[in-house]
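The values are calculated or read from the model by the stated rules, or taken from the named source; none is laboratory data. Here the structure is a predicted model, which is why all the values come from computation and not from measurement. Backbone-built Cβ (ideal geometry, glycine too); neighbour counts: all protein chains shown.
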């Protein structure tokens, strides 16, 4: 049996962003990876006005997914 994930710890992640299309609303490739115990890597293709906004949205999506995984683990 694995130890339950501590829900008091923040989900920490980093992101890199690459411009895919310089359209009126640019399209970005965003890669996000988390720190333990959320050592996952996710890639997103996002529309955003700036690279900073794309990175923030990628990290927000990553955190949302990790919270869902954590909640499922707690119920299991």
task = Among residues belonging to segment 29-64 that are free of Cβ contacts under 8 Å to residues at least 24 places away in the same chain, within 8 Å of the chain's Cα centre (by Cα) and in a helix (DSSP H, G or I), point out the one that is farthest from residue 18 (Cα to Cα).
result = 64
ask   = Only one of these conditions is not met by residue 2: (1) exposed (fewer than 10 other Cβ atoms within 10 Å of the Cβ); (2) at pLDDT 95 or above; (3) within 14 Å of residue 69 (Cβ to Cβ). Which number is it?
value = (2)
ask   = Could you list, in sequence order, the residues of segment 5-20 that are farther than 22 Å from residue 64 by Cβ and either assigned to a loop (DSSP other than H, G, I, E, B) or modelled with pLDDT under 95 (or both)?
value = none
request  = Would you point out the residue of segment 65-76, among those that are assigned to a helix (DSSP H, G or I) and more than 13 Å from the chain's Cα centre (by Cα), that is surrounded by the fewest Cβ atoms within 10 Å (Cβ to Cβ)?
outcome  = 75
ask   = For residues in segment 21-37 being at pLDDT 95 or above and within 21 Å of residue 70 (Cα to Cα), which is surrounded by the fewest Cβ atoms within 10 Å (Cβ to Cβ)?
value = 35
